[in-house]
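The structure that follows is given in the form of structure tokens.
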Amino acid sequence: MSQTAFADLQVIDADTHYTEPHDLWTSRAPAGLAERLPRVVDVDGHPTWAVGATTLGRAMASSVIDRDGNRCRGSAFLAWGFDDTHPGAYDVATRLEVMDEIGIHAQIVYPNVAGFGGQKFAQVGDPESRRLCVEIYNDAMAEIQDASHGRLYPMALLPWWDVAATVAEAERIAAAGLRGVNMTSDPQVQSELPDLGDRAWDPLWETCADLALPIHFHIGASQTTMSWYGSSPWPSLGDDQKLGIGSAMMYITNARVLANIIYSGMLERHPRLKVVSVESGIGWIPFVLEAADHGYLAGRVDHTCEWDLLPSEYFRRQVYACYWFETTAPTRLLGAIPVDRILFETDFPHPTCLYGNVRERIDASLAGAPEDARQRILWENAAALYRIEAPGPDDVVMAAAATGSPR
């Protein structure tokens, strides 16, 4: 790849996923503890992730791109195993090659096995195993970030079932160079912890603000919201129809998360904290913010505010959201959606991802947008949030130089 070609990759992809190799935890386990960490075992003829006696789910490919680079349409990918998927899902060198092909300079990376908010690890009964599940994953992600030479930025998991340990892990991963944390939206569902609106969580928010670690709420980030199909589709529909409806309805669940964050006073108390709504789209944001302002003011005597700002103003100050397939919102609603709070994503390699036509979809979504808005959405907003430097002519990184274990 030429120096000019590399310098032209001025897009940051704010949501992608990593298919964890089967030995990610066992190869890094302290002596004698491999059986107490995530490993792949056979359950009724299916490879399954397990921690001790606790099963976490099928060891799926978590990808709709097959080994030959073809995209699966529909739900057939749910039966794929690790060997069926494209190496770009799990191998650093191949991922960089895919990024080069589609014109992406950097990607923000999220997990699969742990659940999008780390909620599956909360099912593990042994406290030491739970802790190591998180720490080993985060150490592996720091290795990936280093191996990518500043092009892959995994978001860290947190041991959210223990507030003090969560604060300590945020400090540890910041020292390791990771640029953000991934959080469950509903800790009260799986534990005796208070919900995120409780002041007990203030030490975490303040720590993340101090360390410039944005907090990410990916859709499906709690045990009650993560399902490929969800409860929205009617039972009579087929699997492909259920997958389409379940995906669409899951995006909107983050409206509830953001409304709770804003109404809780979290952003009022921690004005430097940054929050990211991941894989949720942006078209719903103007209505939800207008509704939040209306509901807030309508419920106040003489329409006076107890805070300095309206809900929509807290969003404009501290919240980001990601889009990928939409064309209506980016072409018609810029301004109603703050331009400096929009991030672009591909969701590679998940079911609704952009693949093979990324540049065309970018052009379609930002047709007619001012150049400065385009630059903010595709590069500047994410670069500032994650502290990513623009590539220069001396920063050519050959994908073959990166390392990554396929299994």
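The values are calculated or read from the model by the stated rules, or taken from the named source; none is laboratory data. Model, not experiment: these values are computed from the prediction. Note that we place each Cβ from the backbone using ideal geometry, even for glycine, and neighbour counts take in every protein chain shown. Ligands, DNA and RNA are excluded from the accessible area calculation, which covers all protein heavy atoms including side chains. Shrake-Rupley method; radii C 1.70, N 1.55, O 1.52, S 1.80 Å.
Can you find, within segment 1-18, the residue that is nearest to ALA384 (Cα to Cα) among those that are among the hydroxyl-bearing types (Ser, Thr, Tyr) and modelled with pLDDT of 95 or more?
Going residue by residue through segment 1-18, those that are among the hydroxyl-bearing types (Ser, Thr, Tyr) are 2, 4, 16, 18.
Now restrict to residues that are modelled with pLDDT of 95 or more: 16, 18.
Details: THR16: 19, TYR18: 23 Å.
By that ranking, first place goes to THR16.
Sticking with this one: Condition first: crowded, with 20+ Cβ neighbours inside 10 Å and in contact (Cβ under 8 Å) with a residue 40 or more places away in the chain. Can you find one or more residues in segment 26-35 that meet it?
No, that holds for no residue.
Taking only pairs six or more apart or across chains, which ones have beta-carbon atoms under 7 Å, a first residue in segment 238-249 that is more than 19 Å from ILE219 (Cα to Cα), and a second residue that is among the polar types (S, T, N, Q) and outside any helix (DSSP H, G or I)?
Going by the 7 Å Cβ cut-off, the qualifying pairs are ASP239/SER75; ASP240/SER75.
Related question: Name the helices (runs of 4 or more DSSP H) wholly inside segment 277-392 in which the number of residues that are open to solvent by 30 Å² or more (accessible area, probe 1.4 Å) and more than 14 Å from GLN107 (Cα to Cα) is 2 or more. It would help to see each step written out before you state the result.
On the way: elements: 285-298, 311-318, 328-332, 358-365, 371-375, 381-386.
In segment 277-392, the matching helices (runs of 4 or more DSSP H) lie at 285-298, 311-318, 328-332, 358-365, 371-375.
Restricting to segment 86-109, count the residues that are at pLDDT below 95 and assigned to a strand (DSSP E or B).
Qualifying residue count, segment 86-109: 0.
Further, regarding this structure: For ARG359, only one of the following conditions fails: (1) charged (D, E, K, R); (2) within 14 Å of VAL11 (Cα to Cα); (3) at pLDDT 95 or above. What is its number?
The failed condition is (3).
How many residues, within segment 321-347, are on the phi > 0 side of the Ramachandran plot and without any contact (Cβ under 8 Å) to a residue 12 or more places away in the chain?
1
Let me ask another. Which one of these does ASN138 not meet: (1) closer than 25 Å to ALA383 by Cβ; (2) assigned to a helix (DSSP H, G or I); (3) of a type outside the set (Asp, Glu); (4) over 16 Å from the mean Cα position of the chain (by Cα)?
(4)
Which count do you get for residues in segment 130-168 that are open to solvent by 10 Å² or more (accessible area, probe 1.4 Å), touching a Leu at 6+ places or on another chain (Cβ under 7 Å) and closer than 15 Å to LEU211 by Cα?
1
Quick one: which residue in ARG95, ARG39, ARG73 is within 19 Å of VAL124 (Cα to Cα) and basic (Lys, Arg)?
Every option except ARG39 fails the conditions.
For ALA50, state whether it is closer than 28 Å to ILE388 by Cα, outside any loop (DSSP other than H, G, I, E, B) and modelled with pLDDT of 95 or more.
No; evaluated as a whole, the condition is false for this residue.
For segment 155-162, check the following and say yes or no: at least one residue is assigned to a helix (DSSP H, G or I) and over 20 Å from the mean Cα position of the chain (by Cα).
no
Of all the residues that make up segment 53-66, how many are in a loop (DSSP other than H, G, I, E, B) and crowded, with 16+ Cβ neighbours inside 10 Å?
Result for segment 53-66: 6.
While we're looking at this one, here's another question. Applying the selection to segment 199-212, what residues are closer than 23 Å to ALA383 by Cβ and crowded, with 23+ Cβ neighbours inside 10 Å?
Across segment 199-212, the qualifying residue is only CYS208.
Now for a different question. Looking at segment 288-303, is at least one residue in contact (Cβ under 8 Å) with a residue 24 or more places away in the chain, over 21 Å from LEU196 (Cα atoms) and touching a helix residue (DSSP H, G or I) at 6+ places or on another chain (Cβ under 7 Å)?
No, that holds for no residue.
Among the numbered criteria (1) surrounded by 15 or more Cβ atoms within 10 Å (Cβ to Cβ); (2) modelled with pLDDT under 95, which one does SER227 miss?
The one condition SER227 does not meet is (1).
Kindly provide the set of residues from segment 185-218 that are within 16 Å of the chain's Cα centre (by Cα) and modelled with pLDDT of 95 or more, ordered by number.
LEU213, PRO214, ILE215, HIS216, PHE217, HIS218 - these are the residues of segment 185-218 that are within 16 Å of the chain's Cα centre (by Cα) and modelled with pLDDT of 95 or more.
Related question: Can you tell me which residues in segment 169-198 are without any contact (Cβ under 8 Å) to a residue 12 or more places away in the chain and either open to solvent by less than 10 Å² (accessible area, probe 1.4 Å) or in a helix (DSSP H, G or I) (or both)?
ALA175, GLN188
In the list GLY88, GLY117, GLY125, GLY69, which residue meets the criterion of being touching a strand residue (DSSP E or B) at 6+ places or on another chain (Cβ under 8 Å) and open to solvent by 10 Å² or more (accessible area, probe 1.4 Å)?
GLY125
Of all residues in segment 242-276, which are modelled with pLDDT of 90 or more, among the aliphatic types (A, V, I, L, M) and open to solvent by 20 Å² or more (accessible area, probe 1.4 Å)?
ALA259
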